[in-house]
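Engineer: For reference, the structure I am asking about is given below.
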Amino acid sequence: ATGTTIAAFIPLAVTKSGVGDFTRAVPIMIMISLVASYFFATVITPMLGETFLKPQGKAGQVESGWPEKLGRLAGGLGSQRAGLVLGIAGVGCAVLMSWGLSNLESEFFPQADRDQVLVDIALSEGTTLAETERVARVVERALRSYPDVLEVHGFLGHSGPRFYYNLLRRPDQPNRARLVVRSTGIEGNLRIIAAIREFAHRALPEADVIAKILAQGPPIDSPIEVRIYNEDPVRLAQATDMILQAVQSTAGAIDATHNLGLGAPEMQFEIDDAHAMSYGLSRADVAQALLSRSQGIRIGSYRATHEPAPILVRSLAGENTSPADLEGVMVFNAQGQGIPLGALARPSLSWQPGAIYTENQRRNALVSAELDFGFVFSQVLHAVQPRLAALDLPEGTTYEFAGEAEASGDANSAIAGEAPLGLAMLLFFLLWQFNSFRRLLIVMTSVPLAFVGVIAGLALLGIPFGFQPLLGCIALIGIVVNNAIVL
């Protein structure tokens, strides 16, 4: 039975796809547990019996030693004082569970054990691709100076290929870059992250440089995320700043930032429609003239490679055209007469947000943070919750926790929603096997005892409880019930 169960899990353990990276730890854990259980049953237990359960006294006479006496006493007490024994065991288990839960932290999924580090670079909105490249080159040179760095690959304006199964693809933006670093190993990853974080804080205060290790599980941008809602953009910005400061001051939260950004200056031209019509011009003509001077007018595509490249007609300065020069842009009518833009429109400068984010048609902002070494998301979450509750946020502001807290809750809810079906099938087969509610109750009594050992063991070893231990508990229920049926 042990061999056939192990054989059933081998395909999941050796698969090399993205799904295999996601699920490999579960079959390996179950296989190790089964092998250890078989080893104890066939080797350790007989050795203990050979050592302690020996005949005593003269030849032909068998006297009970202390192990037999102790076993007989425990068996008699359990059968004659079943209520007392169950009561003491219940109280002991409750105390042990309470101690374990009070010392147990939570995490969703552990980090991946890959020799790779992601370094995301974000500059303010409106930054040109050339400036982003300059900053990325500075970070790349710093990375290449570290002995733990073997290779560095860079991507400008986009997040690069999805080389790992749970990477989130960011929107293409000229103010963003990503560097993928191959290191000497897991310990090298930690040294690289610490070094590049210190370098960025010292040499690049104008940029958000976030270095992190690849994670496992569903794709999550950051482990700690707070989503803030307010329909008023001014109040939303105020609330976001207050929550950002609270997260930054929490132990274990590092590289805290928000997605509102600084915004970007916007030049608007208020067109005098009557004056423009007198020259035979429309707003579309003015827009075309501005487009040709700045971003360029698309007139076709160049298809020499797999991805067609746009062919643009624009001025030599392009997007680097000075705002003062825009007033001198000539707008031509159908007769070929050129009229300066300054004679048709009045310019004005305003500051606009770089992006507007919505969730279920509600305007929101996101505060995110990474975890410092040795911390899990539940530790930071438990520390930041009372800080946020004490804030006097602007009127109309609400917030909710996203990141690992949201993903973990969704995953646990999905399993809990299907658990009654599994429990009903388990009870059905037990009733079918024994045709007795009494024996069914005896078998099911062993299930909570397994959870007591799991919680206490994780707390004793300092291992957080997450989605993978939860799957292990579900597998353990099947093993424990199977053993109880045999006994």
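The values are calculated or read from the model by the stated rules, or taken from the named source; none is laboratory data. Source: prediction; values computed, not measured. Here Cβ is always computed from backbone atoms with ideal geometry, including for glycine, and neighbour counts include all displayed protein chains. Protein only, heavy atoms only, side chains kept; ligands, DNA and RNA dropped before computing areas. Shrake-Rupley method; radii C 1.70, N 1.55, O 1.52, S 1.80 Å.
Engineer: A194 versus (1) open to solvent by 10 Å² or more (accessible area, probe 1.4 Å); (2) among the small types (G, A, S); (3) within 30 Å of G396 (Cα to Cα): which is the lone unmet condition?
Structural biologist: A194 satisfies every listed condition except (3).
Engineer: Among the residues of region 369-397, which ones are assigned to a loop (DSSP other than H, G, I, E, B), open to solvent by 30 Å² or more (accessible area, probe 1.4 Å) and closer than 30 Å to V117 by Cα?
Structural biologist: D372, F373, G374, F375, listed by residue number.
Residue by residue, here is whether (1) of a type outside the set (D, E); (2) at negative phi; (3) at pLDDT 90 or above holds:
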| residue | (1), (2), (3) |
| --- | --- |
| L204 | yes, yes, yes |
| A211 | yes, yes, yes |
| G217 | yes, no, no |
| I220 | yes, yes, no |
| I228 | yes, yes, yes |
| T240 | yes, yes, yes |
| Q268 | yes, yes, no |
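Engineer: Something else now. Pick from A239, A289, A253, A264: which is closer than 30 Å to L344 by Cβ, surrounded by 20 or more Cβ atoms within 10 Å (Cβ to Cβ) and in contact (Cβ under 8 Å) with a residue 40 or more places away in the chain?
Structural biologist: A289
Engineer: A further question on this structure: Does region 70-92 contain at least one residue that is out of contact with any Phe, Trp or Tyr (no Cβ under 6 Å at 6 or more places or on another chain), farther than 24 Å from I442 by Cβ, modelled with pLDDT under 85 and part of a helix (DSSP H, G or I)?
Structural biologist: If we filter region 70-92 for residues that are out of contact with any Phe, Trp or Tyr (no Cβ under 6 Å at 6 or more places or on another chain), which is where we start, we get 70-92.
Going one step further and asking which of them are farther than 24 Å from I442 by Cβ, we end up with none.
No, because not a single residue in region 70-92 is out of contact with any Phe, Trp or Tyr (no Cβ under 6 Å at 6 or more places or on another chain), farther than 24 Å from I442 by Cβ, modelled with pLDDT under 85 and part of a helix (DSSP H, G or I).
Engineer: Pick from V91, V139, V85: which is open to solvent by 50 Å² or more (accessible area, probe 1.4 Å) and touching a Leu at 6+ places or on another chain (Cβ under 7 Å)?
Structural biologist: One residue alone meets the criteria, V85.
Engineer: Quick test of your reading of the structure: N482 fulfils all but one of (1) open to solvent by 80 Å² or more (accessible area, probe 1.4 Å); (2) in contact with a Gly (Cβ under 6 Å, 6 or more places away or on another chain). Name the failing condition by number.
Structural biologist: (2)
Engineer: Another one. Criterion first (buried (at least 18 other Cβ atoms within 10 Å of the Cβ) and either touching a residue at least 60 places away in the same chain (Cβ under 8 Å) or acidic (D, E) (or both)) does S183 satisfy it? If you could, list the steps in order and put the result at the bottom.
Structural biologist: Values: buried (at least 18 other Cβ atoms within 10 Å of the Cβ): yes; either touching a residue at least 60 places away in the same chain (Cβ under 8 Å) or acidic (D, E) (or both): yes.
Yes: the conditions hold for S183.
Engineer: So which pairs qualify, if the first residue must be in region 155-174 and over 18 Å from E125 (Cα atoms), the second must be of a type in the set (A, V, I, L, M, F, W, C), the Cβ gap must be under 6 Å, and the two must be at least 6 apart or on different chains?
Structural biologist: Y164/L214
Engineer: Looking at S350, S413, which is the one that is under 19 Å from the mean Cα position of the chain (by Cα) and among the hydroxyl-bearing types (S, T, Y)?
Structural biologist: S413
Engineer: Would you check if E400 is within 26 Å of L101 (Cα to Cα) and surrounded by 15 or more Cβ atoms within 10 Å (Cβ to Cβ)?
Structural biologist: No: the conditions fail for E400.
Engineer: Being open to solvent by 50 Å² or more (accessible area, probe 1.4 Å), of a type in the set (V, I, T) and at pLDDT 75 or above is true for just one of I6, I32. Which residue is that?
Structural biologist: Just a single option satisfies the conditions, and that option is I32.
Engineer: Which residue out of P67, P46 is at pLDDT below 80, of a type outside the set (A, V, I, L, M, F, W, C) and assigned to a helix (DSSP H, G or I)?
Structural biologist: Being at pLDDT below 80, of a type outside the set (A, V, I, L, M, F, W, C) and assigned to a helix (DSSP H, G or I) holds for just one of P67, P46, which is P67.
Engineer: Do the conditions hold for P171, that is, is it within 21 Å of D221 (Cα to Cα) and surrounded by fewer than 18 Cβ atoms within 10 Å (Cβ to Cβ)?
Structural biologist: Judged against the criteria, P171 is a match.
Engineer: When R170 is evaluated against the numbered criteria (1) in contact with a His (Cβ under 9 Å, 6 or more places away or on another chain); (2) at pLDDT 90 or above, which criterion, by number, is the only one it fails?
Structural biologist: (2)
Engineer: Counting only residues that are within 11 Å of A253 (Cα to Cα) and modelled with pLDDT under 85, how many does region 354-373 have?
Structural biologist: Count: 1.
Engineer: List, please: which pairs have Cβ atoms under 8 Å, are six or more places apart or on different chains, and start with a residue in region 335-355 that is within 21 Å of L281 (Cα to Cα) and end with one that is assigned to a loop (DSSP other than H, G, I, E, B) and of a type in the set (A, V, I, L, M, F, W, C)?
Structural biologist: I339/L281; P340/V329; L341/V329; L344/L281
Engineer: Can you tell me which residue in region 267-286 is farthest from L344 (Cα to Cα), limited to those that are assigned to a strand (DSSP E or B) and open to solvent by 50 Å² or more (accessible area, probe 1.4 Å)?
Structural biologist: From region 267-286, those assigned to a strand (DSSP E or B) are 267-271; that's our starting set.
Right, trim to open to solvent by 50 Å² or more (accessible area, probe 1.4 Å) and you get 267-268, 270.
On the way: M267: 15, Q268: 13, E270: 9 Å.
Selected residue: M267.
Engineer: Search region 443-480 for residues being β-branched (V, I, T) and over 16 Å from A419 (Cα atoms), and hand back the single one that is farthest from the chain's Cα centre (by Cα). Before the answer, list the steps.
Structural biologist: Restricting attention to region 443-480, the residues satisfying the condition of being β-branched (V, I, T) are 443, 445, 447, 452, 454-455, 463, 474, 477, 479-480.
Restricting the remaining residues to those that are over 16 Å from A419 (Cα atoms) gives 443, 445, 452, 454-455, 463, 479-480.
Numbers: V443: 38, T445: 36, V452: 28, V454: 25, I455: 24, I463: 18, I479: 31, V480: 32 Å.
Within region 443-480, the match that is farthest from the chain's Cα centre (by Cα) is V443.
Engineer: Determine which member of the set L366, L316 is open to solvent by 40 Å² or more (accessible area, probe 1.4 Å) and either out of contact with any Pro (no Cβ under 9 Å at 6 or more places or on another chain) or of a type in the set (K, R) (or both).
Structural biologist: L316
Engineer: Also, quick follow-up: Go through (1) in contact (Cβ under 8 Å) with a residue 40 or more places away in the chain; (2) under 26 Å from T128 (Cα atoms); (3) open to solvent by less than 70 Å² (accessible area, probe 1.4 Å); (4) not in a loop (DSSP other than H, G, I, E, B) one by one and return the number of the condition G300 breaks.
Structural biologist: Evaluating G300 over (1) in contact (Cβ under 8 Å) with a residue 40 or more places away in the chain; (2) under 26 Å from T128 (Cα atoms); (3) open to solvent by less than 70 Å² (accessible area, probe 1.4 Å); (4) not in a loop (DSSP other than H, G, I, E, B) leaves (1) as the failure.
Engineer: Quickly run through region 178-189 and pick out the residues that are under 20 Å from the mean Cα position of the chain (by Cα) and modelled with pLDDT of 90 or more.
Structural biologist: Hits for region 178-189 are R178, L179, V180, V181, N189.
Engineer: Just name the residue that is farthest from the chain's Cα centre (by Cα) out of those in region 142-154 that are open to solvent by less than 50 Å² (accessible area, probe 1.4 Å) and closer than 26 Å to T128 by Cα.
Structural biologist: That would be A142.
Engineer: Condition first: under 30 Å from A211 (Cβ atoms), surrounded by 12 or more Cβ atoms within 10 Å (Cβ to Cβ) and touching a residue at least 24 places away in the same chain (Cβ under 8 Å). Can you find one or more residues in region 434-456 that meet it?
Structural biologist: no
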